[in-house]
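The structure under discussion appears below in the form of structure tokens.
The values are calculated or read from the model by the stated rules, or taken from the named source; none is laboratory data. Worth saying up front: this structure is predicted, and the values here are computed from it rather than measured. Cβ atoms come from the backbone with ideal geometry, glycine included; neighbour counts cover every protein chain shown.
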Amino acid sequence: MKKTISLVAALMMVSGGVAAQSFDDAFNAQRGMYGKGHSFTFEGQTYTTDHPEEVAAAAEANAANAEALLADAKAMYADVLAVDFGWTLTKGLLKSANKALEAGDFRKSMQLSARAQYHSRMGIAQYHQSQQEWIMAVPN
Amino acid sequence: MAKGILRAKAKAKGDNTVVKIMAKHAMETGNRKDKSGQKIPAKFIQTLNVSYNGKTVMETNLGTAISKNPYLAFTFVGGAKGDELQMTWTENTGASATETAKIK
Amino acid sequence: MKIIKSLLAGASLALVASITQAATSGNTLASVDPEADRIALQSFFQKRFPQVPLDDYVNGIYALDSGSREQWEEIEEFPPYEFDVEEGEVLFNTAFANGKSYADCFANGGVGIRQNFPRWEDSQGKVVTLELAINQCREANGEKKLGWKKGKIAQISAYMAYTSRDNVFDVQIPNDEAKAAYLDGKQSFYTRRGQLNMSCANCHVAGSKVLIRADLPGPALGHVTHFPVFRSKWGNLGTLQRRYGGCQKNVRGVPQKAQSEKLRNLEFFQTYMSNGLVVNGPGARK
């Protein structure tokens, strides 16, 4: 396991339950006001307004990290496709990330993988959220 | 008799006649390529002229800028219900034909 | 900070089971009421556009917008799908290699039956759309399937729709399994997807006749009655399932496969919503 990659909060990965919702609200509000890299507290813990993917992309730019990030991004893309909520631009990002990796541009590869992973994470969150929310759009 | 490529509707309206024509034609420019990469040969309507009582009422030069199944509509002064229009078209390949339409 | 790489793969999905159990009431198999849904959708549009008669909704956006209606009426004088209907008729009447033909697969020889599709087929345990029935007919008679989105299948479907014009849509939901398929389609219609996070309803219910760039989305009521459609953007005839994929791509969502269970259920829901309106396919749209 590559220790160089650390992710922000377990809660960020879990986007379906009620607790995750309020963390997301706090995160989004803080990020909206202060931008990236800002520290805030939520329920006694300190977090930063960085998406886990952004943190991962900021790790040391080397082959091992770039490969690991790309693998993670591909895995999450497979997950989002499995629930039928993939986004169309993700595949292209993964392709570009791979190309950059092969060309030795690790930083670029990591950033592209990070974006791709963010897409997929958002798609999975979308899937969960839609289960509860779709009914609200129905006219009655 | 073979069905022509032109579908026409002509209507007398007072002193004028309103004509609408749709041609069933691929209008191949000659630049498109098929699946094997070969250019599809050019085949398009070059001219389409409509005449009434021996006089030309509309003359068109179509060509490769006009897309598939061209649709034209125009009005000319004259024409009466029951009379006929002569529509003649020529193709870049040399093919040509004349079809008729009744004014309603 | 924990290193949580392990969460990336499966754990987030572990929550899926518990969340789907918590479906809100009123939209479960026990409580969904298709007829009430249909009436509610009609009321929504009648309140929103009080001058538009119900029957006119088969004309989509042209029932709501006079400017584009004028252009459309002129196009309909020489409908761009005319040639496709002619070709569709020829295809429909051409026998298979084994001597049988489409007429042998459909009630009433396949003429004037468009309004009964999609139908819940108990023997198959699924929703059967008209195009699915066409391809099932082909395969049952030793022929290869046609592509789902355009070309010959659209032409045959167009001819069959044309022979059914003015027949009233009458999609049936005979049992609970069919109802489950209906509910699935309903959920799909109202679910946001894609990077743009939009549902069908965003554009076609709330957003109907609201400019999206240079286009006006048509109303969900009567949405599907005119398919297959000659879309000017395509320059040719295409099926409803083709349009579904296109719309999903428009919101940057990976499209679901044509005639997949999800999209057949969606078509089932949408057509049920148009029960009471007439078949007017094939149609011409921008």
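Brief remarks on what is shown
- Scanning the stretch C:195-233 for residues that are closer than 12 Å to C:ALA284 by Cβ and either at pLDDT 95 or above or not in a loop (DSSP other than H, G, I, E, B) (or both) yields C:HIS226, C:PHE227, C:PRO228, C:VAL229, C:PHE230, C:ARG231.
- Matching residues in the stretch C:54-100 - criterion: being in a loop (DSSP other than H, G, I, E, B) and of a type in the set (Gly, Ala, Ser): C:ALA95, C:ALA97, C:GLY99
- Residue check for C:LYS186: at the interface with another protein chain (Cβ under 10 Å from one of its Cβ atoms), basic (Lys, Arg) and crowded, with 24+ Cβ neighbours inside 10 Å: yes
- Taking the criterion of being free of Cβ contacts under 8 Å to residues at least 40 places away in the same chain and either among the acidic types (Asp, Glu) or surrounded by fewer than 17 Cβ atoms within 10 Å (Cβ to Cβ) (or both), the residues of the stretch C:70-82 that qualify are C:GLU70, C:GLN71, C:GLU73, C:GLU74, C:GLU77, C:GLU82.
- Of all residue pairs spaced 6 or more apart or on separate chains, those with beta-carbon atoms under 6 Å, a first member in the stretch C:146-159 that is assigned by TED's automatic domain parsing to the domain that holds C:PHE117 and a second member that is in a loop (DSSP other than H, G, I, E, B) and surrounded by fewer than 24 Cβ atoms within 10 Å (Cβ to Cβ) are C:TRP148/C:ALA258; C:TRP148/C:GLN259; C:LYS149/C:ALA258; C:LYS152/C:LEU146; C:ILE153/C:LEU146.
- Some residue of the stretch C:91-105 being touching a helix residue (DSSP H, G or I) at 6+ places or on another chain (Cβ under 9 Å) and in contact (Cβ under 8 Å) with a residue 60 or more places away in the chain: yes
- Number of the condition not met by B:ASP15 [criteria: (1) farther than 16 Å from C:PHE78 by Cβ; (2) touching a Phe, Trp or Tyr at 6+ places or on another chain (Cβ under 9 Å); (3) at pLDDT below 95]: (2)
- Residue ID - surrounded by the fewest Cβ atoms within 10 Å (Cβ to Cβ), chosen from residues in the stretch B:60-69 that are among the small types (Gly, Ala, Ser) and at negative phi: B:ALA65
- Residue-level analysis places C:PHE78 outside the set of residues that are modelled with pLDDT of 50 or more, within 13 Å of another protein chain (Cβ to nearest Cβ) and touching a Pro at 6+ places or on another chain (Cβ under 8 Å).
- Residue match in the stretch A:35-56 (condition: within 12 Å of chain C (Cβ to nearest Cβ), in contact (Cβ under 8 Å) with a residue 24 or more places away in the chain, within 19 Å of C:VAL254 (Cβ to Cβ) and of a type in the set (A, V, I, L, M, F, W, C)): no
- Only one of the numbered conditions (1) under 30 Å from C:TRP234 (Cα atoms); (2) surrounded by fewer than 18 Cβ atoms within 10 Å (Cβ to Cβ); (3) of a type in the set (A, V, I, L, M) is not met by B:ALA12, and that is (1).
- The lone criterion from (1) hydroxyl-bearing (Ser, Thr, Tyr); (2) in a loop (DSSP other than H, G, I, E, B); (3) more than 13 Å from chain C (Cβ to nearest Cβ) left unmet by B:THR56 is number (2).
- B:LEU72 being surrounded by 14 or more Cβ atoms within 10 Å (Cβ to Cβ), modelled with pLDDT under 95 and outside any loop (DSSP other than H, G, I, E, B): yes
- All conditions but one from (1) outside any strand (DSSP E or B); (2) surrounded by fewer than 18 Cβ atoms within 10 Å (Cβ to Cβ); (3) within 11 Å of chain C (Cβ to nearest Cβ) apply to B:HIS25; the one that does not is (2).
- Scope the stretch B:75-99; condition aliphatic (A, V, I, L, M) and exposed (fewer than 13 other Cβ atoms within 10 Å of the Cβ); matching residues: B:VAL77, B:ALA80, B:ALA95
- Looking at B:MET27, B:MET58, B:MET87, just one residue is under 25 Å from C:LYS233 (Cβ atoms), under 14 Å from the mean Cα position of the chain (by Cα) and not small (Gly, Ala, Ser), and that residue is B:MET27.
- Scanning the stretch C:247-286 for residues that are among the charged types (D, E, K, R), crowded, with 19+ Cβ neighbours inside 10 Å and part of a helix (DSSP H, G or I) yields C:ARG264, C:GLU267.
- Scanning the stretch C:101-115 for residues that are crowded, with 17+ Cβ neighbours inside 10 Å and charged (D, E, K, R) yields a single hit, C:ARG114.
- Tallying residues that are away from chain A (no Cβ under 14 Å) and of a type in the set (Val, Ile, Thr) within the stretch C:23-75 yields 4.
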